[in-house]
């Protein structure tokens with residue numbers, strides 16, 4: 001006697017019809033799953049947006065995704081630890097894809113004094129064209145102009161610093177720093193431009209001058225403090241970092257942003273684990289309802305299940321049928337939830353104004369606008385969490401359904 | 001026990017598994033809320049203490065323009081006397097005057113532009129935890145000595161150690177040229193790189209003579225033991241200030257970012273809680289709606305026997321209340337025990353350390369269990385559960401006995 005083997009099609013039809021026998025219960029559960037999935041994706045896209053924004057902002061201040069330094073420079077940022085401007089092999093690496101911009105710059109601590117006040121700053125000797133290729137936006141100049149070339153004799157300072165020093169466009173200030181022989185070098189210099197930055201701290205710290213002017217003042221010849229390189233996409237930096245490191249040679253320290261800024265790296269790591277935790281927590285709250293629905297669905301069909309078994313349906317197929325019901329429910333919830341999440345997030349991707357709490361966010365390194373970023377990976381992750389954990393949670397009721405004794409089940413009222 | 005209560009209790013256990021699953025959802029949610037809210041409060045308290053304990057303090061007396069524009073010439077006159085007066089009137093010892101100036105600090109090899117603080121060696125350790133973090137040498141002890149303590153990274157960058165000299169150049173209050181040579185007597189190692197890179201403290205008396213400050217300072221820092229004391233103390237201090245050009249600022253005004261960081265975090269956390277509570281409410285709605293629907297015939301019989309629909313509605317609400325109460329008690333118990341345990345030993349999260357350093361916290365979080373954090377979340381879950389039962393209860397109000405008795 002050959003056993004009856006229901007086709008997958010029949011199983012699906014059974015599961016589908018069973019679901020809608022009690023449409024109210026199914027709909028309530030469906031709504032719960034949709035809200036859960038929607039919240040999972042919304043939260044993770046807000047988090048991703050927040051962290052992306054922090055990383056991007058951090059990289060604009062750093063700047064670049066890769067930096068080359070003298071091995072001692074990061075510990076002791078003094079002019080004594082300077083390096084040659086890029087030459088030969090490194091230079092040719094810098095001028096080809098995937099590098100989209102690079103700058104060789106002097107970055108040393110210095111003092112700036114106006115007639116009113118003085119401050120400790122970070123003096124940047126730059127080539128303006130290179131800085132712009134690295135991401136400095138000339139539109140950020142709010143007064144005056146940006147430097148015009150590496151030999152520009154002017155100085156560009158931040159808006160906040162200008163306020164602190166009670167100085168302004170066209171005024172002279174004195175910058176003081178130290179040359180490699182430890183002599184104090186100073187120079188009177190005219191403010192030709194004032195820039196605004198995303199973070200106040202940047203406006204107070206970074207002061208731009210022509211690279212050649214600073215090299216002459218600090219007797220540096222053609223030396224620079226760092227070479228900053230960008231390739232546009234901060235997530236892909238590990239792909240091209242080795243070739244730059246090789247070209248720079250072993251005497252120099254070539255590091256990607258993750259190593260340069262531990263805070264940014266830990267934020268990225270925290271984001272991923274935080275997203276998973278949120279998804280699992282939301283799912284757990286959901287799972288009680290899911291198991292409940294399935295337990296009830298099985299319970300009210302005990303006689304029917306007994307009958308099916310008596311007619312020759314094997315316990316495994318009963319189990320598959322209950323699992324399939326759960327799968328359909330989860331699948332529907334995921335489709336609607338994902339669609340709803342996309343529909344909510346896309347209109348918000350232009351940015352949400354959160355300036356009400358801007359100063360608090362600045363402490364954490366963020367700006368005043370939040371750009372949610374919808375990541376396919378987040379959607380896939382939430383789908384995986386819901387499907388895998390959902391099927392796991394359904395195993396128990398499904399297994400129990402397949403364990404009924406047909407005779408006892410049929411005898412139940 | 002009233003009949004309704006007995007009915008509700010028995011009805012619940014007709015489907016023990018279903019009831020426990022719904023209660024389980026509430027227990028899970030409640031325990032999680034207790035733990036998360038306590039952890040939040042705990043970490044906020046640490047953020048506040050960590051950020052304010054380093055230098056800022058809870059209250060500062062300043063010249064009224066100084067906070068917005070920290071200029072040398074906006075000073076608090078006769079600051080040490082005023083600090084002493086305040087100490088006597090308030091009975092609080094943790095009050096210290098402080099001056100602040102930018103200068104170019106040079107060792108034999110290196111120069112850096114830094115901010116130099118002039119502090120009262122006897123009072124400063126009471127308002128700031130930096131003096132306690134001197135890891136080499138000692139803290140300042142003489143109000144007029146030409147001595148300086150610096151952060152460890154700054155010391156390394158300047159290539160100096162205890163016993164070496166630092167020269168500093170800057171401008172005094174009257175824009176005059178200010179210069180001094182001080183001996184390094186101690187090195188502060190707080191473990192926070194940014195702070196260790198920038199901190200430098202000299203005695204206030206010496207600071208005043210170098211920067212032409214007479215007996216002025218820039219701020220008088222006050223530290224309290226309990227955050228709740230800040231507001232009354234602020235008023236008390238304000239009334240004792242000698243002139244209208246001085247003002248008292250509380251920590252919220254001194255570090256506006258701090259409260260906003262807390263608010264931003266609270267806001268995102270509360271959205272998360274709301275989602276959890278809605279999901280649990282759906283679970284309750286599902287359970288109660290099912291249990292009402294499957295009892296349609298039974299309810300039909302009951303109405304036919306003279307039970308009024310309103311009584312049936314009360315029955316359903318009572319069932320939900322019992323269930324929610326169980327969830328509340330078990331959830332609070334479980335969450336409370338977990339939180340109390342972690343609150344005493346603390347816990348750390350990998351990867352959070354660097355983020356927490358921004359607020360000068362070490363890597364461990366100690367959840368703070370309070371009445372609000374214990375009952376606040378679960379109470380809202382209770383209300384959410386009760387609201388979810390309203391629809392099933394309302395459905396009963398239009399029940400037709402005859403049709404109901406025939407329902408399958």
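Worth a mention:
- The single condition among (1) farther than 30 Å from residue A:281 by Cβ; (2) more than 14 Å from chain A (Cβ to nearest Cβ); (3) part of a helix (DSSP H, G or I) that residue B:41 does not satisfy is (1).
- Scanning the stretch B:114-128 for residues that are within 16 Å of residue B:211 (Cα to Cα) and either part of a helix (DSSP H, G or I) or within 14 Å of chain A (Cβ to nearest Cβ) (or both) yields B:114, B:115, B:116, B:117.
- The numbered conditions (1) more than 14 Å from chain B (Cβ to nearest Cβ); (2) surrounded by fewer than 22 Cβ atoms within 10 Å (Cβ to Cβ); (3) within 29 Å of residue A:265 (Cβ to Cβ) are all true for residue A:230 except (2).
- Residues of the stretch A:94-106 satisfying the condition of being surrounded by fewer than 22 Cβ atoms within 10 Å (Cβ to Cβ) and either touching a strand residue (DSSP E or B) at 6+ places or on another chain (Cβ under 9 Å) or within 14 Å of chain B (Cβ to nearest Cβ) (or both): A:94, A:95, A:99, A:100, A:101
- Qualifying residue in the stretch B:216-235 (condition: more than 33 Å from the chain's Cα centre (by Cα) and surrounded by 17 or more Cβ atoms within 10 Å (Cβ to Cβ)): yes
This table checks each residue for (1) more than 14 Å from chain A (Cβ to nearest Cβ); (2) at positive phi.
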site	(1), (2)
B:209	yes, no
B:212	yes, yes
B:215	yes, no
B:224	yes, no
B:241	yes, no
B:268	no, no
B:278	no, no
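- Meets criteria (under 30 Å from residue A:49 (Cβ atoms) and modelled with pLDDT under 85) for residue A:184: no
- For the stretch B:129-159, a tally of residues being more than 14 Å from chain A (Cβ to nearest Cβ) and either assigned to a loop (DSSP other than H, G, I, E, B) or within 16 Å of residue B:220 (Cα to Cα) (or both) returns 11.
- Of all the listed residues (B:52, B:12, B:5), the sole one being assigned to a helix (DSSP H, G or I), touching a helix residue (DSSP H, G or I) at 6+ places or on another chain (Cβ under 6 Å), more than 11 Å from chain A (Cβ to nearest Cβ) and more than 30 Å from residue B:231 (Cα to Cα) is B:12.
- Between A:358, A:341, the distinction of being within 30 Å of residue B:262 (Cα to Cα), at pLDDT 90 or above and within 14 Å of chain B (Cβ to nearest Cβ) belongs to A:341 only.
- Lone qualifier among B:187, B:181 - being in contact with a strand residue (DSSP E or B) (Cβ under 8 Å, 6 or more places away or on another chain) and surrounded by 14 or more Cβ atoms within 10 Å (Cβ to Cβ): B:187
- For the stretch B:371-390, residues that are in contact with a helix residue (DSSP H, G or I) (Cβ under 8 Å, 6 or more places away or on another chain) and surrounded by fewer than 14 Cβ atoms within 10 Å (Cβ to Cβ) total 2.
- From A:290, A:294, A:334, A:323, residue being under 23 Å from residue B:29 (Cα atoms), away from chain B (no Cβ under 14 Å), touching a helix residue (DSSP H, G or I) at 6+ places or on another chain (Cβ under 7 Å) and not in a strand (DSSP E or B): A:334
- Being free of Cβ contacts under 8 Å to residues at least 24 places away in the same chain and surrounded by fewer than 20 Cβ atoms within 10 Å (Cβ to Cβ) holds for only one residue in A:266, A:243, and it is A:266.
- Candidate set: the stretch A:158-179, residues that are within 22 Å of residue A:103 (Cα to Cα) and within 14 Å of chain B (Cβ to nearest Cβ); chosen: the one surrounded by the fewest Cβ atoms within 10 Å (Cβ to Cβ): A:179
- Among the criteria (1) within 14 Å of another protein chain (Cβ to nearest Cβ); (2) touching a strand residue (DSSP E or B) at 6+ places or on another chain (Cβ under 7 Å), the one residue B:30 does not fulfil is (2).
- Any hit, the stretch A:130-137, residues being buried (at least 21 other Cβ atoms within 10 Å of the Cβ), under 28 Å from residue B:74 (Cβ atoms) and touching a strand residue (DSSP E or B) at 6+ places or on another chain (Cβ under 7 Å): no
- Test: residue in the stretch B:74-85 that is free of Cβ contacts under 8 Å to residues at least 60 places away in the same chain, more than 14 Å from chain A (Cβ to nearest Cβ) and within 31 Å of the chain's Cα centre (by Cα): yes
- Residues satisfying the stated conditions in the stretch B:101-113, i.e. in contact with a helix residue (DSSP H, G or I) (Cβ under 6 Å, 6 or more places away or on another chain) and either modelled with pLDDT of 85 or more or assigned to a strand (DSSP E or B) (or both): B:107
- For the stretch A:123-135, the condition of being within 14 Å of chain B (Cβ to nearest Cβ) and either at negative phi or outside any loop (DSSP other than H, G, I, E, B) (or both) holds for at least one residue.
- Test set (1) surrounded by fewer than 19 Cβ atoms within 10 Å (Cβ to Cβ); (2) in a loop (DSSP other than H, G, I, E, B); (3) more than 14 Å from every other protein chain (Cβ to nearest Cβ); (4) out of contact with any helix residue (DSSP H, G or I) (no Cβ under 7 Å at 6 or more places or on another chain) - residue B:65 fails condition number: (3)
The values are calculated or read from the model by the stated rules, or taken from the named source; none is laboratory data. Source: prediction; values computed, not measured. Quick reminder, even Gly has a Cβ in these numbers, built from the backbone with ideal geometry, and neighbours come from all protein chains shown.
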